[in-house]
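Asker: Below you'll find the structure I mean.
Read-outs: derived from the displayed coordinates by stated rules, not from any lab. As the structure is a computational prediction, the values presented were derived from the model and not from experiment. In this analysis, Cβ positions are derived from the backbone assuming ideal geometry, glycine residues included, and neighbour counts consider all displayed protein chains.
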Amino acid sequence: MPYTLHRGDALTVLAGLGDDSVDAVITDPPYNSGGRTSAERTGRTARSKYTSADAEHQLANFPGENRDQRSYGFWLSLLLTEAYRATVESGAALVFTDWRQLPTTTDALQAAGWTWRGIASWHKPVSRPQRGRLKQSCEYIVWGTKGPVDADRNPVYLPGLYTASQPRKDRVHITQKPVEVMQELVKICPPGGTVLDPFTGSGSTGVAALREGRQFVGIELSDHYADIAEQRLQRALTQDDFELAGPEE
């Protein structure tokens, strides 16, 4: 089987993974963002933070969205430390974040032992204009390596800017990432190597990894989203319909 999907807490499952067992970590952790104050960040659900009031879908909430700023940084540092241990020398970590948590994420990456290499941007053309403000149309990908970059191991040339709208038709997760973006990012992992995503969600990273000839190890706390990810991963294996068929959940 070219993929393994673990159900459970990311930090607990990561502790059971072997040393040097994956080639790249590509993940979209809960941002614990979406508020001007600590009370707004810790007292609201993922749906209330990241979904507009007039949204036409009823997608399920996901856990892990109620940490304050200090606990989020500490927790993310612990998690990325375990991921560092599980990654081979010269392996890469790519971690999604937003503008509010960008400083905390870069700190956590370095505190965990990774060498910070830069930031890429995911530009979302369809994003809400904000009167009197600059439009917040980007999320960010903080990336680093375990030790030096070994370009001979995986001689790819990847862009630093990715443009794609968040999935709308057949969208199955509140913060779902476009598979076309994830297919480019998984190329940081050598062909045939293993991509780890401790926050699998609906499985977009895993689908992208399988499409691009990589192995995949995922972890997901929510049974609801783990079920969706399992379906999408199975479809990716058959090279059939890569998106979950049927009405939005």
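Asker: Give the percent of DSSP beta bridges with both residues in the range 3-237 that are antiparallel, rounded to the nearest 5.
Answerer: Just about 40 percent of them are antiparallel.
Asker: Once the convex hull of the alpha carbons of the range 3-237 is built, what does its volume come to per residue, in cubic angstrom?
Answerer: Convex hull volume per residue, Cα atoms: 117 Å³.
Asker: While we're on this one: If I stretch the segment between Glu180 and Thr163 completely, what's the gain in nm (0.36 nm per residue apart, minus their alpha carbon distance), one decimal?
Answerer: 5.2 nm
Asker: Okay, next question. Between the range 93-126 and the range 1-30, how far is it from one alpha carbon centroid to the other, in angstrom?
Answerer: 19 Å
Asker: Additional query: Taking amide hydrogens as modeled 1.01 Å from N in the peptide plane, which residues meet the under 5 Å criterion relative to Asp20, leaving out close sequence neighbours?
Answerer: Ala86, Thr87
Asker: Taking R0 as 25 Å, what FRET efficiency do you get between Arg131 and Trp99 from their Cβ-Cβ distance, rounded to the nearest 0.05?
Answerer: Using R0 = 25 Å, I get an efficiency of 0.85.
Asker: Asp170 versus Gln239, label points 7 Å from Cα toward the beta carbon: distance in nm?
Answerer: It works out to 1.7 nm between the two label points.
Asker: Setting aside same-chain residues fewer than 8 positions from Lys124, which lysines have a Cα under 18 Å from its Cα?
Answerer: Lys124 reaches Lys49, Lys135, Lys169, Lys177.
Asker: Please list, ordered by chain and number, the residues whose modelled amide H lies under 5 Å from the amide H of Phe216; skip anything fewer than 5 residues away on the same chain.
Answerer: The answer is Tyr3, Thr4, Val195.
Asker: Moving to a separate point now. Around Leu196, with a cut-off of 14 angstrom between Cβ atoms, what is the net charge of the other residues, counting Lys and Arg +1 and Asp and Glu -1?
Answerer: Charge balance near Leu196 sits at -4.
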